[in-house]
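The values are calculated or read from the model by the stated rules, or taken from the named source; none is laboratory data. If you're wondering where the values come from, they're calculated on a predicted model, not measured in any experiment. So basically every Cβ, Gly included, is an ideal-geometry build from the backbone, and we count neighbours across all protein chains shown. Keep in mind that these areas ignore ligands, DNA and RNA; they rest on the heavy atoms of the full protein, side chains included. Shrake-Rupley method; radii C 1.70, N 1.55, O 1.52, S 1.80 Å.
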Amino acid sequence: MTEKLLAEFMDGETLKAALQRVRGAGHAALEAFTPYPIEDLADHLGLDRSRIRVAMLVGGLTTAAFAFALQWYSAVIDYPIDSGGRPLNSWQVFLLVPFEIGIFAAALSGVIAFFRSCRLPRLHDALFDIPGFERATQDRYFLLTASGDNTADLRTVLTEAGAVAVTELREP
Amino acid sequence: MSKVLVARDPPAHRWISSGRAGDVAITQAIADPLFTGFGRSWWFALLITFPFVLWLLGAIIWLFYQGIGIWGINSTIVWGVAIANYVWWIGIGNAGTLISAMLLLTRQRWRASINRFAEAMTLFAVAIAGLMPIIHLGRPIYAYWLAPYPNTMALWPQWRSALVWDFWAIISYLLFSLLFWYVSLIPDLATMRDRTPHRAGQLLYGAFAVGWRGSAREWSRLETLHTTMAALGVPLVCSVHSIVGLDFAASLMPGWQESIFPPYFVVGAMYSGFAMVVVLAAAIRWGLSLQAIITPRHFDAMARILLMASIVMFYSYATEWFMGWYGGEHAEREAVRFEFTGTYAPLYWALLACNCLIPQILWWPFARRSLLVLIPVAIAINIGMWLERILIVWNTLSHGYMPSLWRSFHFTFWDWSFLVAPLGFFAFLFLLFMRLVPSVSMFDMRQLAHEEQAA
């Protein structure tokens with residue numbers, strides 16, 4: 001049966017090497033936890049690309065279009081002020097507000113998309129119960145792996161790759 | 001407080017001047033003072049700044065009660081200290097995001113030591129800046145009329161008004177800065193959650209850390225989000241201060257109606273903001289014993305930017321003079337003459353000294369690395385930039401087209417209040433920030449240490 005093992009490493013290089021060995025031995029490397037962003041780690045784990053930027057583009061443009069439409073409607077249709085015969089649809093100055101608010105909306109959409117794609121906020125996680133996991137945000141490097149069917153073999157691979165501790169992850 | 005990282009002279013690495021700065025050492029150096037407290041000096045500083053908070057509050061209450069007549073403004077100089085303060089504060093506020101975003105996009109790794117508190121500086125400065133137009137309104141109870149909302153009066157904001165542009169610029173920028181700052185804070189809040197010995201701290205930091213685990217997925221998504229936000233932040237910052245410049249340039253007054261105003265305001269913002277960052281960096285470095293993390297090289301890099309900005313500022317002033325002469329209009333030439341010889345001439349000469357002359361000392365490498373030189377220069381720049389803001393208002397309004405309207409501005413106690421009290425309020429907020437949140441980005445520093453092979 002499949003079991004999940006969490007291996008603890010002293011540094012990022014060892015973790016990266018271990019990841020390759022786990023893969024080579026036919027096991028699955030699910031996730032890595034590091035105290036700082038390690039380049040290409042997400043690629044090595046084979047994580048799918050995020051759509052955060054798409055969400056930001058859509059959120060920003062939609063809000064900007066809405067802001068422009070609001071100004072146009074209020075200044076041309078609902079509350080026209082004829083000031084010395086100047087054009088009601090003075091679109092040049094109407095661009096300022098959509099630009100500002102559009103960028104803010106893009107950022108907000110990005111944050112929401114980021115939270116969704118990482119399944120945050122989360123109040124609790126099975127990993128938080130593992131003793132020592134709190135060092136993942138400080139100075140230790142963790143690799144979450146799943147064995148095909150041979151847990152003992154995965155444990156050996158991890159230990160040989162330099163894991164200082166291997167813990168079984170039990171999810172309720 | 002025991003020092004975890006000991007600074008070396010000469011620095012052992014390019015941007016970290018400690019021999020070895022491992023993950024643990026960096027985390028301890030930055031996070032631990034927040035648990036153990038900063039001792040008496042922090043409380044003392046808080047005690048000094050607290051009266052300023054009360055002063056500001058009292059001044060605002062009195063202003064709302066009495067009206068803007070308590071200021072030295074008159075029927076000619078309708079804009080006074082409030083608008084100069086607004087421009088100055090938002091200029092300082094602009095620098096944090098601009099620094100952080102531009103340095104991130106250009107992959108300047110040394111930003112790791114300064115970006116966090118520069119962004120905090122932005123938040124507080126923009127909040128104070130946002131206060132200024134509201135207190136200046138005269139009828140601040142109607143400030144909400146700037147926002148479009150369904151109302152029985154069937155009123156809409158006047159979209160062609162500079163005040164409405166300001167409203168959207170400030171509010172978008174403030175909220176954007178808050179998000180930008182918070183997003184890069186999440187991993188450090190998780191570190192705080194995992195390190196704090198107090199239950200209350202665990203709950204509080206834990207709530208704001210939203211369950212961050214530092215997974216590869218989270219890191220890669222965060223990086224995507226953060227760099228994209230930075231790319232959006234640069235045009236946003238430039239546009240915000242350009243709008244402030246447009247508030248003036250969209251008018252017909254001599255000395256204001258200049259197409260150089262938007263870019264000139266943006267450079268001025270970067271200039272004063274960077275000067276403020278230098279002062280705050282020196283304070284944080286000393287206050288938190290971060291000599292190993294904020295090194296002379298950082299000050300050197302910032303001083304070079306100040307020097308560059310001072311030259312651009314001088315170029316902008318010279319363009320103003322040139323265009324005043326070249327445009328050939330009498331009132332414009334009069335405005336330039338009034339700058340140099342009129343009522344406020346001593347202040348104008350002081351401005352030129354502070355913004356253009358004094359920073360030239362930064363050509364010498366020793367001056368860029370010596371805090372004893374750099375801090376006075378940075379303070380002089382901040383004073384000079386404030387003088388610039390106030391003189392933009394005074395010179396034009398005091399000496400417009402109509403000689404019968406020529407008047408000068410005289411400070412009242414309340415003008416001084418709104419100049420001085422916000423500074424104390426800013427310091428107060430900054431002290432609280434230092435106590436609650438890691439002032440230097442820990443995960444960025446860990447990454448930097450690994451790249452510098454210092455870990």
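Being outside any loop (DSSP other than H, G, I, E, B) and either within 11 Å of A:Leu154 (Cα to Cα) or of a type in the set (Lys, Arg) (or both) is the filter; apply it to segment A:25-43 and report the residue that is farthest from the other protein chains (Cβ to nearest Cβ).
Looking at residues that are outside any loop (DSSP other than H, G, I, E, B) and either within 11 Å of A:Leu154 (Cα to Cα) or of a type in the set (Lys, Arg) (or both), I get A:Ala28.
Could you pull out the residue among B:Val234, B:Val210 that is on the phi > 0 side of the Ramachandran plot and in contact (Cβ under 8 Å) with a residue 24 or more places away in the chain?
Selected residue: B:Val210, the only one of B:Val234, B:Val210 that is on the phi > 0 side of the Ramachandran plot and in contact (Cβ under 8 Å) with a residue 24 or more places away in the chain.
Of the residues examined, B:Ile26 is not one that is open to solvent by less than 20 Å² (accessible area, probe 1.4 Å) and closer than 17 Å to B:Pro140 by Cα. Only a single criterion out of (1) small (Gly, Ala, Ser); (2) facing another protein chain (nearest Cβ under 9 Å); (3) in contact with a Gly (Cβ under 6 Å, 6 or more places away or on another chain) is not satisfied by A:Ala64, namely (2). Scanning segment B:214-256 for residues that are within 11 Å of chain A (Cβ to nearest Cβ), out of contact with any Pro (no Cβ under 9 Å at 6 or more places or on another chain) and outside any helix (DSSP H, G or I) returns B:Ser215, B:Ala250.
The residues on offer are B:Trp110, B:Trp79, B:Trp89, and the sole one that is in contact (Cβ under 8 Å) with a residue 40 or more places away in the chain and either among the β-branched types (Val, Ile, Thr) or in contact with a Phe, Trp or Tyr (Cβ under 6 Å, 6 or more places away or on another chain) (or both) is B:Trp110.
Residues that are open to solvent by less than 30 Å² (accessible area, probe 1.4 Å) and β-branched (Val, Ile, Thr) number at least 2 in the following helices (runs of 4 or more DSSP H) confined to segment A:44-117: A:96-117.
For segment B:64-77, check the following and say yes or no: at least one residue is part of a loop (DSSP other than H, G, I, E, B), within 24 Å of B:Ser441 (Cβ to Cβ) and not aromatic (Phe, Trp, Tyr). Within segment B:64-77, not a single residue is part of a loop (DSSP other than H, G, I, E, B), within 24 Å of B:Ser441 (Cβ to Cβ) and not aromatic (Phe, Trp, Tyr). Got at least one residue in segment B:273-281 being at pLDDT below 95, open to solvent by less than 40 Å² (accessible area, probe 1.4 Å) and in a loop (DSSP other than H, G, I, E, B)? No, there is no match, as no residue in segment B:273-281 is at pLDDT below 95, open to solvent by less than 40 Å² (accessible area, probe 1.4 Å) and in a loop (DSSP other than H, G, I, E, B). Within segment A:126-135, does at least one residue satisfy the condition of being farther than 30 Å from B:Pro235 by Cα, among the β-branched types (Val, Ile, Thr), part of a loop (DSSP other than H, G, I, E, B) and more than 8 Å from chain B (Cβ to nearest Cβ)? Yes, because at least one residue in segment A:126-135 is farther than 30 Å from B:Pro235 by Cα, among the β-branched types (Val, Ile, Thr), part of a loop (DSSP other than H, G, I, E, B) and more than 8 Å from chain B (Cβ to nearest Cβ). Taking segment B:147-183 as the range and being open to solvent by 60 Å² or more (accessible area, probe 1.4 Å), within 7 Å of chain A (Cβ to nearest Cβ) and under 17 Å from the mean Cα position of the chain (by Cα) as the test, only B:Leu175 passes. Scanning segment B:320-366 for residues that are among the aromatic types (Phe, Trp, Tyr) and either open to solvent by 50 Å² or more (accessible area, probe 1.4 Å) or part of a helix (DSSP H, G or I) (or both) yields B:Trp321, B:Phe322, B:Trp325, B:Tyr326, B:Phe338, B:Phe340, B:Tyr348, B:Trp349, B:Trp363, B:Trp364, B:Phe366.
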